[in-house]
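Beneath this line is the structure, given in structure tokens, with notes to follow.
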Amino acid sequence: MLTIGNRSFSSRLLLGTGKYPSFDVQKEAVRVSEAEVLTFAVRRMNIFESSQPNFLEQLDLSNYTLLPNTAGAKTAEEAVRIAHLAKASGLCDMVKVEIIGCDRSLLPDPVETLRATSMLLDEGFIVLPYTSDDVVLARTLCEMGVHAIMPGAAPIGSGRGILNPLNLSLIIEQSNVPVIIDAGIGSPKDATYAMELGADAVLLNTAVSEAKDPVKMAEAMKLAIEAGRLGYEAGRMPKRDYAVASSPMEGLLPN
Amino acid sequence: MTKTIQLNGKTYDVPTEVQSVQQLLIHLQLAERILVVERNKKIIAKEAYDKPIQDRDQIEIIHFVGGG
């Protein structure tokens, strides 16, 4: 089980809801992914165009925990404002702190992330900060009392996979809260690798929404995360420099 | 007198029959939608939707969209 704050989840896949080719594909992808936590962004409604469908309103919300992000915020104050708006919906008490510090790489601003995290924790939010793979920053966030930490594997939407497994391993080793690898996952092998490193969960979006067949990829990611977790729990064999025969050397047949 | 407000960043003349936030949402056919309303940068609790809209109010209607 994955436990974040006072909630427990059997799925270790958290799914983003952006950029799907259609609502029907998205609904099916969400269903087969078996994800229980879905992320959303908070935006001004386009009220001057005729009624636009909204994915959230098509979901049975009793089946999902919503994880709003603060994407769009560049400062702690903006992130806190977005968190307040999300909470005012009455639908969620968790927030993914996401404060971008670089428009080109979309890497998070560490200073503003720390500030926003502190402010939101003080207000009683369940706080999951999206952070870089900086080990010391991650430790500081954990010490502040975050409910999970979400280091990126690679820049958002890049699909480049696990760029720094050593740092992620160190973050996982030192963390006293769930570590959710967020951003940069491109393929099922990346998700499996994250889980084999000992991550508690994976959050991904584009890897599914931008796949040729998002529904099939959603299932692939679900299985990849399950496989990675099982492999981690099973404990892999050691790596060796030389071969070791699997078949017995005794009882070899004479020539 | 017609009230003129800033609604989601645009100048908007409030119809005379619209007095409250709730009536505005009904007028915009948004009453059943999942949304949050900010008035002059302060969130309005749903219980306070019957409060009157004032001339030159800055109203933001916010919702959840897809995101990662």
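What follows draws every value from the coordinates through simple rules; no lab data is involved. What you see is a predicted model; the values in this text were computed from it and never measured. Because the Cβ atoms are built from the backbone with ideal geometry, glycine has one as well, and the counts that use them run over all protein chains shown.
Some notes on this structure:
- Taking 7 Å steps out from each Cα toward its Cβ at A:Asn6 and B:Met1 produces label points 4.8 nm apart.
- Modelled label positions at B:Asn40 and A:Tyr242, each set 7 Å beyond Cα in the direction of Cβ, lie 8.2 nm from each other.
- Summing +1 for each Lys or Arg and -1 for each Asp or Glu among the other residues whose beta-carbon sits under 10 angstrom from that of A:Gly161 gives +1.
- Amide H contacts under 5 Å for A:Arg12, placed H, 5+ residues apart: none
- Between B:Asn8 and A:Lys216, the FRET efficiency from the beta-carbon distance, with R0 = 41 Å, is close to 0.60.
- Helix content alone sets the calculated 222 nm mean residue ellipticity of the protein assembly as shown: runs of n ≥ 4 DSSP H residues at -39500 (n - 2.57) each, divided across all residues, give -9000 deg cm²/dmol.
- Set A:Lys27/A:Lys87; A:Lys87/B:Lys46; A:Lys74/A:Lys96; A:Lys189/A:Lys239; A:Lys27/B:Lys46 screened for pairs whose C-alpha atoms are more than 21 Å apart: A:Lys27/A:Lys87; A:Lys27/B:Lys46
- A Förster distance of 30 Å, applied to the separation of the beta-carbon atoms of A:Asn167 and A:Ser22, puts the FRET efficiency at 0.20.
- Proximity of backbone amide H atoms, modeled 1.01 Å from N, is registered between A:Thr39 and A:Leu15, A:Gly16, A:Thr17, A:Leu67 at under 5 Å, excluding neighbours fewer than 5 places apart on the same chain.
- In plain terms, chain B is cut at each of the trypsin sites (Lys or Arg not before Pro) found in a DSSP loop with at most 15 other Cβ atoms within 10 Å, and the longest leftover piece is B:1-40.
- Distance in nm between pseudo-label sites at B:Glu47 and A:Glu123 (7 Å out along the Cβ direction from Cα): 1.9
- Percentage of interatomic Cα-Cα distances in the range B:3-63 larger than 14 Å: 50
- Net charge over other residues, Cβ less than 11 angstrom from the Cβ of A:Leu128 (K, R count +1; D, E count -1): -1
- Computed over all pairs of different Cα atoms, the Kirkwood value for the hydrodynamic radius of the range A:103-255 is 17.1 Å.
- Legend: mean number of C-beta atoms from other chains within 10 angstrom of residue C-beta atoms, peptide B:32-42, equals 4.
- Evaluated at q = 0.22 Å⁻¹, a Debye calculation over the C-alpha positions of the range A:1-62 (equal weights, vacuum) places log10 I(q)/I(0) at -1.02.
- Put the Cα centre of the range A:23-39 next to the Cα centre of the range A:103-147 and the gap is 27 Å.
- Over the protein assembly as shown, the alpha carbon radius of gyration divided by the compact-protein estimate 2.2 N^0.38 Å works out to 1.17.
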